[in-house]
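Before any comments, here is the structure.
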Amino acid sequence: MNTRLKVIFGSIVFATVACQTAPEKPENTAPRYFGFNPENLDSSVHACENFFQFTAGGWLQNNPIPDTEARWGQFNMLAERNKEAIRGLLDSLVAIPNLKTGSQAQLVGDLYYSGMDSTARETAGVSPLMPYLNRVGTISAHSELLPFFAEMKFMGASAPFYVSVSPDRKNSNANALYIGQSGLGMPDRDYYLKSDSASVVIQEKYRTYMASLFELAGDVPEAASAKAEKIYALENRLAEEQMSRTLQRQPENTYNPYTVARFNKEVFDLTPYLSVLKLRTEDLIVTQPDYLKALSSILTETPIESWKDYLSFRFLSAHASKLSLAFEQADFDFNSKTLRGNKEMNPRWKRVQDAMGGLNEQIGYVYVDRYFPESSKQKISEMVENIRAVYRERIQDLDWMGEETKEKAIVKLNAFNYKIGYPDTWKDYSNLTISRASYFDNMMALGAYKTSENLAKFGKPVDKSEWFMGAHIVNAYYSPSYNEIVFPAGILQHPFFDPEADDALNYGAIGGVIGHEFTHGFDDQGSKYDANGNLENWWTTEDRSRFDALAGEIVAQYSAYEPLPGMNVNGELTLGENIADLGGLTLAYHAYVKSREGQPEVAPIDGFTDRQRVFLGWAQVWQSQATDEYLRNMVVTDPHSPPQYRVNGPTINIPEFYENFGCEAPKKTIAIW
Ligand SMILES: [Zn+2]
């Protein structure tokens, strides 16, 4: 989709809740060791040799991946603690029979109740989905496809292209309508295009998965398999025409303004689609014009029966997890087990909580009310400003950047906005109808509500107060159009931020995250946006080419990493994150040192000096391991490098790392910011 947020961590992990009826002192659900736990070290390895192994070896040994997970790390453990806390809040809401209709508590409490009602879900079986499958059955001609694609937007299923509203990249105060590629059932076009043996196995299992859903919906096995073959052939055609993730990273590649008239003439007639959405517009921004042009032919060349099978499958796969256990199991077997390597399903309460992302703002509301100490806001603001001050000095001192560009870079840095904890004003969802009766109906209502909410932004100015992450979420983001960095309450806890730990450790952890998000404004993508959040070049040609040369060195460094035999990190796909990791940790270190100026020396803790502990703080956050399946998926789809390279990748480029750990520094290290 089009919303371009740069997060600190791959996929958004989950959700949490709290009850505003019983405000209490924040509880601490974290295990009570402060700072860095030395039991997690592997002292058989020297810090200079492999810093990730040195800092995480003990942790890796003592924390095998649970069967329900594909990736397990400090990030996930914090997310799990939040989930447990939210579970308690949700259970307390479920116990209240008459919550005020439309209130945050009612929306999240009743949605959770309906999801947990396994009897109702088993009794309903496939029946809630039948009206949608029957609606697909009524389609009889190609001319009905486009209007139906528009209808699907309100039915929670994706068509072969998306349309959505977000800030115009060249006019960040105005919302624009974007259109582009979509509609594959596997995570990326590469899953279709690769022909190595592991990929062929996944392709085969994908067809089996498709057939299994059709059988659950009542087809005999032969008919189900025949449909799966036809759908696979169609998706494969779409995949062949899609733009790669690497090309999509460059914002100019996906910014192609068209008038609707030109689009109708050169691509396909969008009128029947726009009229269903009741959108009156003369302009569009096309993210992948070549794909949409190819789709125009695929639309007419593919028999209508194949399209209908494809559309039925879009509904089955989008909604399997909202139906009975047999559907949930089929969904899990492919999307979790095959694609990510999870061995077992999570318990129902966690599955339901994970599926409640549409109400993240409301969950965040109940969560912070109970769990967020206001004092954290002040402390984090101070760190943000200290890191900004260090960034300013470092830009001034750069030897590869000329004065003219430096001045503009500092204007942009000064213009960064930041948000901490939770929104100042909460979204009003009181018009959304959620009841305890039907989980499926609730989820469909929520999906339709979100679509309407997004489309309603068209023609209105951009709301700069909006948050794009729930307050309980363990993550952070940079938005280039908003030129802002956002740190939800969920991440402001151990091991990212621990008010009881030493400053050095907090600088390495949450300070590193703050520095990371700042640096996104100056990575290979973010640096193309100006202080106002517009895609506008502010660089001299010489400075840009010097930046590109440095970025090329980072690409080469990471492309050499091989997390799985024969499978290397994609240095181009991960470039922005790798630049942000290097910049983030560098800024955090220097901001810590600056914060100690004129202060008495700090005594070592567990044998580590305070300056060493900045690096330990960063490394602790990335104590993590994953299944091979998860890594394979990650390398293809995730712009973040696997955790070991998020530790070793930046540290080997930081001279102060060598200095503090007494390592022999190499002749050359890479420095950008
Ligand atoms: Zn990032």
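Think of segment 127-322 as a dipole: +1 on every Lys or Arg Cβ, -1 on every Asp or Glu Cβ, centred on the Cα centre; then among Ser312, Leu184, Asn253, Asn253 lies furthest on the positive end. Each Lys or Arg adds one and each Asp or Glu takes one away; over the other residues whose Cβ falls under 15 Å from the Cβ of Asp548, this sums to -3.
Which entries of Lys278/Lys308; Lys379/Lys668; Lys419/Lys460; Lys227/Lys337; Lys227/Lys350 have Cα-Cα distances beyond 29 Å here?
Cα-Cα > 29 Å for Lys379/Lys668; Lys227/Lys350; rest within.
Within the set of other residues whose C-beta is less than 15 Å from the C-beta of Gly357, count the net charge using Lys and Arg as +1 and Asp and Glu as -1. So the environment of Gly357 carries a net charge of +3.
Gain in length, Val45 to Asp548, computed as 0.36 nm per residue apart minus the alpha-carbon separation, to one decimal in nm?
That works out to 177.6 nm of additional length.
Annotation: extensible slack from Asp219 through Glu385 equals 53.7 nm (criterion: 0.36 nm per residue apart, minus Cα-Cα distance).
Sorting the segments 394-400, 164-170, 596-602 by their mean number of nearby beta carbons within 10 angstrom, highest to lowest, gives 164-170, 394-400, 596-602. The modelled label-to-label distance between Asp196 and Asn236, using points 7 Å beyond Cα along the C-beta direction, is 2.0 nm. Of all lysines in the structure, those lying under 16 Å Cα to Cα from Lys293, and not within fewer than 8 positions of it along the same chain, are Lys265. Of the GluC sites (Glu not before Pro) found in segment 385-478, the ones in coil according to DSSP and having at most 16 other Cβ atoms within 10 Å of their Cβ are Glu466.
If one takes the longest principal axis of the Cα atoms in the chain, at what angle in degrees, from 0 to 90 and to the nearest 10, does the Cα axis of helix 439-455 lie? Helix 439-455 and the main axis of the chain meet at about 70 degrees.
Less than 5 angstrom separates the built amide H of Asp283 from those of Val260, all sequence-distant by 5 or more or on a different chain. Principal-axis analysis of the Cα atoms of the chain puts helix 197-216 at an angle of about 40° to the longest axis. Note on Lys668 and Asp428: their simple-model spin labels are 6.1 nm apart, each label 7 Å out from Cα toward Cβ. Taking the square roots of 5 times each eigenvalue of the Cα gyration tensor of segment 127-322, largest first, gives ellipsoid semi-axes of 29, 21, 15 Å.
Proximity of backbone amide H atoms, modeled 1.01 Å from N, is registered between Ala174 and Asp168, Val462 at under 5 Å, excluding neighbours fewer than 5 places apart on the same chain.
When the alpha carbon coordinates of segment 237-308 are projected onto the principal axes, the ranges are 37, 31, 19 Å, largest first.
Over segment 170-241, the Kirkwood radius and the radius of gyration, each from Cα atoms, give a ratio Rg/Rh of 1.17.
Around the amide H of Gln625, modelled in the peptide plane, lie the amide H atoms of Trp72, Gly73, all under 5 Å away and 5 or more residues distant in sequence or on another chain.
Anisotropy class assigned to segment 412-523 is oblate, per the alpha carbon gyration tensor with a/c at or over the 1.5 cut-off and a/b no larger than b/c. Summing charges over neighbours of Asn537, with a neighbour being any other residue whose Cβ is under 14 Å away from its Cβ, gives -2 when K and R count +1 and D and E count -1.
With θ taken as phi - 60° and the Karplus curve 6.51 cos²θ - 1.76 cosθ + 1.60 applied, the whole-hertz 3J(HN,Hα) list for segment 261-267 is 4, 5, 4, 4, 7, 8, 10 Hz, x standing for glycine and proline. Counting only DSSP H runs of at least 4 residues, each contributing -39500 (n - 2.57), and dividing by the residue count of the chain, the helix-based mean residue ellipticity at 222 nm comes to -15000 deg cm²/dmol.
Looking at Tyr273, Phe372, Thr651, which one has the Cα that reaches farthest to the positive end of the dipole of the chain (charges on Cβ: Lys, Arg +1; Asp, Glu -1)? It is Tyr273. Listed by chain and number, the aspartates and glutamates placed with their C-alpha closer than 20 angstrom to that of Lys194 are Glu204, Glu229, Glu235, Glu240, Glu241, Glu562, Glu572, Asp628, Glu629, Asp638; residues fewer than eight positions away on the same chain are left out. Working from Cα pairs under 8 Å separated by at least six residues, relative contact order for the chain is 24 percent.
When you filter the GluC sites (Glu not before Pro) in segment 629-673 for DSSP loop state and at most 15 other Cβ atoms inside 10 Å of their Cβ, you are left with Glu664. The label-point distance for Ala456 and Ser306, in a model that sets each label 7 Å from Cα toward Cβ, rounds to 4.0 nm. Three principal axis extents of the chain based on alpha-carbon atoms, in descending order, are 77, 59, 50 Å. By other beta-carbon atoms within 10 Å, ranking Ser435, Ser317 with the fewest at the front produces Ser435, Ser317. For a straight C-alpha distance cut-off of 13 angstrom, the aspartates and glutamates reachable from Lys457 (same-chain residues fewer than eight places away being disregarded) are Asp168, Glu466.
Throughout, read-outs are computed from the coordinates displayed, never taken from laboratory work. In this text the structure is predicted, and so the values were computed from the model without any measurement. With ideal geometry, Cβ positions are generated from the backbone for all residues, glycine too; neighbour counts draw on all protein chains shown.
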